[in-house]
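The values are calculated or read from the model by the stated rules, or taken from the named source; none is laboratory data. Note that the coordinates shown come from a computational prediction; the quantities given were computed from them, not determined experimentally. Because the Cβ atoms are built from the backbone with ideal geometry, glycine has one as well, and the counts that use them run over all protein chains shown.
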Amino acid sequence: MDSAAWWRDAVIYEVYPRSFADGTGDGTGDLPGLTRRLPYLRDLGVDAIWLTPFYRSPMFDGGYDVVDHRDVDPLFGTLADFDAMRAQARELGLRLIVDLVPNHSSNEHPWFVEALAAPPGSPSRERYIFRFGRGSRPPNDWESVFGGIAWERVPDGQWYLHLFDLTQPDFNWRHPQVRAEFDSILRYWLDRGVDGFRVDVAHGLLKAEGLPDVGYPDQMRLRSRAELPYWDQNDIHEIFRSWRAILDSYPGDRMAVAEAWVSPPTRLSRYVAVDEFHQAFNFDLLTAPWSAAAYREVVDDCLAASATVGATTTWVLSNHDVRRHRTRLGGGLPRARAATLMMLALPGSAYLYQGEELGLPEVVDLPDAVRQDPEFHRSGGRMPGRDGCRVPLPWSGTAPPFGFTTAPAAWLPAPASWAELTVEKQAADPASTLSFYRAALRLRRKYAGGTLAWHDAPANVLHFTGRGGVRCVVNLGRRPVPLPKGYRDPLLSSNGRLTDATLPPDTAAWF
Ligand code: NOJ
């Protein structure tokens with residue numbers, strides 16, 4: 001069937017439009033800004049863009065709180081701006097997938113406004129999950145991903161479920177109107193020419209019948225090890241099969257990738273059955289510690305799980321929800337580059353997050369007053385939130401906002417030290433992280449397809465043949481290691497300091 005489809009092997013670049021480039025001078029990134037910078041993405045060498053939400057939204061959760069799934073928020077532009085961006089991307093040979101946010105809407109969505117105005121038990125409440133509580137307590141013990149309980153009480157005494165912020169009521173996916181509405185939204189964007197969708201919280205759409213208690217607190221921390229009645233329900237797959245039929249009814253290789261925080265990988269692979277999603281994000285590499293044993297296990301498990309369903313694996317190190325991998329892995333830029341080089345040598349597709357090609361670190365010292373993430377606010381500051389990976393990109397110049405906007409300031413401030421990390425500066429420096437990403441992506445294109453084979457290696461070293469026969473050696477230890485015999489001449493190394501046929505710590509090389 002789709003063994004040659006573009007996405008099987010693609011490098012897909014995540015654009016978080018609010019922080020990518022501002023074309024209108026109001027301090028917030030937008031579609032005109034993205035359109036202007038598309039040649040930068042072509043030159044970087046990616047195959048496709050995943051554009052996170054740009055729909056009408058009050059922006060309580062960075063646009064993942066949608067009011068109108070068929071329109072562009074004025075903050076980001078207009079539908080005409082979308083069409084212009086789409087056309088320009090196509091001209092440059094870039095595919096485009098957009099976010100679909102089906103688990104919840106904004107509390108300002110017309111259906112939710114209607115539900116609130118209607119009495120308990122009325123049909124318009126059925127499209128969300130309203131219940132009476134237990135005395136003054138909520139209907140069950142479910143917790144919100146962003147901290148606190150997952151229920152909010154409305155004045156007439158009923159509660160509604162919100163697995164995320166209280167401005168994001170969960171839809172009732174057992175309701176036919178919800179299903180029909182999303183079928184129509186899929187068609188709407190497919191008709192507008194998108195190549196596919198990244199589906200938000202795909203594992204959450206259906207909740208267990210009867211909404212049973214979990215029985216213990218701290219559910220989010222334990223979520224990877226536990227079965228929870230609001231994640232990964234067995235009957236969820238029928239919804240995805242119906243979406244796949246819609247995608248398949250369109251010409252071209254349209255695709256869908258699931259955001260499903262589901263483990264183990266065998267459970268995740270159920271989402272990529274031949275008649276469901278084309279791909280699912282694999283977050284195991286992202287959550288693994290910097291250790292050869294851990295990486296090897298993750299790679300083996302992920303490849304084995306996707307092979308059972310004939311899919312290719314997806315690899316991710318950073319996105320708009322997690323600490324940037326330069327900071328998270330704890331080894332600074334060399335380690336981040338080594339991790340990237342290893343990821344790019346693996347068979348399958350890779351998702352990059354804007355700014356990782358500049359080696360941006362997480363901004364850990366944002367003042368509380370500028371933080372916007374509901375995760376920070378709902379947890380009373382206990383969770384740092386995700387603003388630190390969403391700071392607008394530094395394009396040029398020597399002072400904030402670094403060419404991101406013509407306004408005096410961007411919506412989140414960049415540190416002064418990013419003067420060293422601008423696109424302008426790095427594009428002119430062959431030893432920069434940007435030049436390193438460009439070279440790696442150029443080379444990756446030449447070495448397509450292939451399977452993975454491990455080779456013997458000292459402790460803390462990974463040595464494998466990956467995509468297109470590329471040999472990759474990664475030193476995850478603390479001491480330099482001799483390069484494997486016969487491979488003295490690397491095609492690319494993560495920090496360019498390969499001397500005396502040894503591989504320094506936090507370094508990867510392709511041969
Ligand atoms: C996952 C998205 O990536 C994240 O940014 C968002 O907050 C939640 N889903 C809720 O939509």
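Data for the structure
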quantity	calculated
Residue tally, condition under 22 Å from LEU492 (Cα atoms), small (Gly, Ala, Ser) and part of a helix (DSSP H, G or I), over segment 322-381	5
Residue within segment 137-146 that is farther than 29 Å from GLY381 by Cα, within 16 Å of the ligand (Cβ to nearest atom), in contact (Cβ under 8 Å) with a residue 24 or more places away in the chain and not polar (S, T, N, Q) present	no
Failed item, numbered, when VAL272 is tested on (1) in contact with a Ser or Thr (Cβ under 8 Å, 6 or more places away or on another chain); (2) of a type in the set (A, V, I, L, M, F, W, C); (3) in contact (Cβ under 8 Å) with a residue 40 or more places away in the chain	(3)
Given (1) crowded, with 20+ Cβ neighbours inside 10 Å; (2) in contact (Cβ under 8 Å) with a residue 24 or more places away in the chain, number of the condition PRO119 does not satisfy	(1)
Test: residue in segment 114-126 that is within 16 Å of the ligand (Cβ to nearest atom) and either over 30 Å from the mean Cα position of the chain (by Cα) or part of a loop (DSSP other than H, G, I, E, B) (or both)	no
LEU79 vs. criteria in the same structural domain as GLU259 (by TED's automatic domain parsing), crowded, with 18+ Cβ neighbours inside 10 Å and more than 17 Å from GLU259 (Cβ to Cβ)	no
Test: residue in segment 191-199 that is at pLDDT 95 or above, in contact with a Leu (Cβ under 8 Å, 6 or more places away or on another chain), in a loop (DSSP other than H, G, I, E, B) and farther than 27 Å from GLY62 by Cα	no
Residue in segment 314-327 that is surrounded by fewer than 17 Cβ atoms within 10 Å (Cβ to Cβ) and more than 16 Å from the ligand (Cβ to nearest atom) present	no
Pair list, Cβ under 6 Å, 6 or more apart: segment 402-420 residue not assigned by TED's automatic domain parsing to the domain that holds ASP22, other residue of a type in the set (Ser, Thr, Tyr) and outside any helix (DSSP H, G or I)	PHE402/THR422; GLY403/SER396; TRP411/THR28; ALA419/THR398
Residues that are closer than 17 Å to PHE20 by Cβ and within 16 Å of the ligand (Cβ to nearest atom), drawn from segment 379-410	ARG386, ASP387, GLY388, CYS389, ARG390, VAL391
Of all residues making up segment 46-88, the number that are out of contact with any His (no Cβ under 8 Å at 6 or more places or on another chain), within 16 Å of the ligand (Cβ to nearest atom) and of a type in the set (S, T, N, Q)	1
Count of segment 303-319 residues which are over 15 Å from ALA338 (Cβ atoms) and either in contact (Cβ under 8 Å) with a residue 40 or more places away in the chain or of a type in the set (Lys, Arg) (or both)	9
Members of segment 459-472 found to be surrounded by 13 or more Cβ atoms within 10 Å (Cβ to Cβ), touching a helix residue (DSSP H, G or I) at 6+ places or on another chain (Cβ under 9 Å) and either outside the structural domain of LEU498 (by TED's automatic domain parsing) or of a type outside the set (S, T, N, Q) (or both), listed by number	VAL461, LEU462, PHE464, GLY466, ARG467, GLY468, VAL470, ARG471, CYS472
Pick from segment 92-113, criterion β-branched (Val, Ile, Thr) and not in a loop (DSSP other than H, G, I, E, B), ranking: farthest from ILE185 (Cα to Cα)	VAL113
Positions within segment 270-322 being under 18 Å from the mean Cα position of the chain (by Cα) and of a type in the set (Ser, Thr, Tyr), in sequence order	TYR271, THR287, THR312, THR313, THR314, SER318
Selection count where residues are surrounded by fewer than 22 Cβ atoms within 10 Å (Cβ to Cβ) and not hydroxyl-bearing (Ser, Thr, Tyr), scope segment 396-411	7
Output for segment 233-289, where each listed residue is assigned to a loop (DSSP other than H, G, I, E, B), farther than 24 Å from GLU181 by Cβ and of a type in the set (Asp, Glu)	ASP253
Residue match in segment 149-159 (condition: surrounded by 14 or more Cβ atoms within 10 Å (Cβ to Cβ), within 15 Å of the ligand (Cβ to nearest atom) and outside the structural domain of VAL72 (by TED's automatic domain parsing))	yes
Any hit, segment 212-224, residues being surrounded by 15 or more Cβ atoms within 10 Å (Cβ to Cβ), without any contact (Cβ under 8 Å) to a residue 60 or more places away in the chain, within 21 Å of the chain's Cα centre (by Cα) and in a loop (DSSP other than H, G, I, E, B)	yes
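Residues are listed down the side, and each one gets a yes or a no for (1) of a type outside the set (Phe, Trp, Tyr); (2) modelled with pLDDT under 95; (3) in contact with a Ser or Thr (Cβ under 8 Å, 6 or more places away or on another chain); (4) within 15 Å of the ligand (Cβ to nearest atom):
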residue	(1), (2), (3), (4)
ASP165	yes, no, yes, yes
ARG174	yes, no, no, no
ASP183	yes, no, yes, no
LEU211	yes, no, no, no
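Results for (1) surrounded by 20 or more Cβ atoms within 10 Å (Cβ to Cβ); (2) modelled with pLDDT of 95 or more; (3) closer than 30 Å to LEU166 by Cβ, shown as yes or no for each residue.
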| residue | (1), (2), (3) |
| --- | --- |
| GLU357 | yes, yes, no |
| LEU366 | yes, yes, yes |
| ARG371 | no, yes, yes |
| PRO374 | yes, no, yes |
| PRO394 | yes, yes, no |
